[in-house]
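A short worksheet on the structure shown next.
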Amino acid sequence: MTKPMAAIRFHHYAWGVLAYNLVVILGGAFVRATVSGDGCGQHWPHCNGEILPDFKQAKTLIEFGHRVSTGILLPMVLALVIWAFQAFPKGNPTRAAAVWVLVFTLLEALIGAGLVLFKLVAYDESIQRVIVMPSHLVATFLLLMACILTAWWGVGNRTLQLRGQGAVGWALAGALVACLLLGISGAITALGDTLFQASSHEAARLIKHPIASLRIYHPLIALSTGIYIALVAGLVQNLRPDPMVRKFSTGVITLYLVQIGAGFLNYALMAPVWMQLVHLFLADLFWISLVLMTATALAQGVPQAEAAGPGTVPSAPLPEGVAAGPVGWKAYLALTKPRVQSLLVFTTLTAMFIAAGQNQKAPGFWLCVAVGLGLYMSAGAANAINMVLERDLDLAMGRTANRPTVAGAITPRNALAFALVLMIGSFLLLWLSANMLTAMLAWSGLAFYVLVYTLLLKRRTYLNIVIGGAAGAFPPLVGWAAVMNELSPLAWCLFGIIFLWTPVHFWALALMLKEDYARAGVPMLPVVRGERATVIQIACYAVLTVVISAVPAMMPGSQGTGWIYLAAVVLLNAFLLLGSFRLYRTPDRPAARSLFKYSMVYLALLFLAMAVDRTMH
């Protein structure tokens, strides 16, 4: 066993090697961004045929400096390997991790040499360079991973336990792969920024080279993969209740948000060299945090929340008078909440016709089928994850006590695996049948429902419905993007209608289930502020819904709607206000039930009327 002080010294040295690697990586990026890769000509390891070249040209100094910094790294890594074999016994994973540091260091050196010897530098646009550059980045990320694990295990932290991790293990593996794919996209985009520099976004759009096109697609890829990784980080934080897991998962989410901001700034400023370096540095930190989150979440002895708690065995007790839920395939179908989904799918499909009405052309049948199914799968994944995370709440409420994850029809691990399959399948289906924007929006709704509503707000504040209700407003955006591959003001108006309608709809339900929510400890508005405050809020949001629903009728020309929608919105809103007024006067269960049922009819008919109007407009 390594002595504590010796382990700490090794730990510090390994982190030092990692830090120096980051310096070398940024130096390599500076060489590429300043087009200095040919500063030493086609010579390696010599520079322009000399050991110490003439530094008349700045790019020679830049390239030679990068080679020197890389050369210093090799003896540092050799010392790390020797130290690991001296300090740790045979079979200790620190040894293996240190060896992998050496392997990837040598691989990096060979790739760098190949770039120079085969002239894949400076302004070279060959397909070979497009392949080698992303390979260089993948090798870099794997080198950083090896350095991280060497430092992490070298101080005595728990090693990996890959078996028995279930869907969480697969989700984390998917997050690592997704980050690598994002890095590949970023490497090619950065190469395009170097080869095809433009003075403005208008000039950049005129460049038709395939590499340059990633300037447009890389942000969508970054958002999509980032949403998935952030979702996995939020789940891991809840399903692996360990302080270190929480620390690193929070770091992953925080760095993702910072990196999105940096990416936007990099795009807005037309990728200046200094911003490219900042963007790459943040990407490296994001990868480091993701690796550490994975290493801690899959470590031996870390508690697995999905393997414990109510609903994990068939004998889980149900409240008196509650029947057992469905079994077999019906139980998996129940995980997706089909009744709740019907309105989501309907607003998605009608939004497709609303969007298509702008071009006087209805969306194709198979596109409607694919988008409707893809949205159902995405929302179904969110619902399945919700049932895993809220087993304790579901058990305490009569309305939800027979759900499959509570009654034992499906284990939480299987439910998570099912959700993961639905989530990945929905993204691929929506991307291939429609476009990347559609798939990204569906994932955004899923992530918002799980991260913001379920994990962040539901157990903490009565504003859970006001803010978290935005998750249910994504379906019309998905439908619109599937047809138009963009979002217009009318699309966002559809989002706003559902966003403001949700409190009216859900708080009416909360009034009916006040005792259930109180028993489960969920701070819904009727529980926290009482019935009177709730009906006042319902009335206020009903008025706001009326206002936002009238906006499409006021939009000019083809951007808005005609007399069919205007007539419908007047009639439907009159009944919505009437139901809210009745509930305000008599805040009892029958009035709440009446408003709750009408609110569903209201939204369906409102979207249907707009679809008919736009089709005939």
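Figures for the structure shown
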quantity	calculated
Only listed residue being of a type outside the set (Phe, Trp, Tyr), closer than 18 Å to residue 147 by Cα and in a helix (DSSP H, G or I), chosen from 16, 114, 65	16
Scan of the range 174-213 for residues that are open to solvent by 40 Å² or more (accessible area, probe 1.4 Å) and closer than 30 Å to residue 302 by Cα, ordered by number	177, 181
Unique match (being under 17 Å from residue 270 (Cβ atoms) and either under 23 Å from the mean Cα position of the chain (by Cα) or part of a helix (DSSP H, G or I) (or both)) among 171, 175, 212, 187	212
Matching residues, the range 259-297, being in contact with a strand residue (DSSP E or B) (Cβ under 9 Å, 6 or more places away or on another chain) and open to solvent by 10 Å² or more (accessible area, probe 1.4 Å)	294
Answer from 499, 448, 474 - the residue that is closer than 21 Å to residue 580 by Cβ, of a type in the set (Phe, Trp, Tyr) and open to solvent by 20 Å² or more (accessible area, probe 1.4 Å)	499
Matching option when the condition is touching a residue at least 60 places away in the same chain (Cβ under 8 Å), open to solvent by 20 Å² or more (accessible area, probe 1.4 Å) and hydroxyl-bearing (Ser, Thr, Tyr), among 34, 70, 94	34
Single residue of the range 117-151 satisfying the filter (assigned to a helix (DSSP H, G or I), farther than 18 Å from residue 186 by Cα and at pLDDT below 95) that is least open to solvent (accessible area, probe 1.4 Å)	151
Selected residue (criterion: farthest from residue 357 (Cα to Cα)) from residues of the range 546-589 that are open to solvent by less than 70 Å² (accessible area, probe 1.4 Å), touching a Gly at 6+ places or on another chain (Cβ under 7 Å) and not small (Gly, Ala, Ser)	548
Count of the range 91-113 residues which are over 31 Å from the mean Cα position of the chain (by Cα), at pLDDT 90 or above and over 19 Å from residue 72 (Cα atoms)	5
Residue identified as part of a helix (DSSP H, G or I) and in contact with a Cys (Cβ under 9 Å, 6 or more places away or on another chain) among 526, 590, 552	552
Cross-chain or 6+ apart pairs with Cβ under 8 Å, the range 449-478 first and in contact (Cβ under 8 Å) with a residue 12 or more places away in the chain, then open to solvent by 30 Å² or more (accessible area, probe 1.4 Å) and in a loop (DSSP other than H, G, I, E, B)	459/521; 462/529; 477/487
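The values are calculated or read from the model by the stated rules, or taken from the named source; none is laboratory data. Model, not experiment: these values are computed from the prediction. Note: ideal-geometry Cβ built from the backbone for every residue, glycine included; neighbour counts use all protein chains shown. Side chains are part of the model used for accessible areas, which takes the heavy atoms of the whole protein and leaves out ligands, DNA and RNA. Shrake-Rupley method; radii C 1.70, N 1.55, O 1.52, S 1.80 Å.
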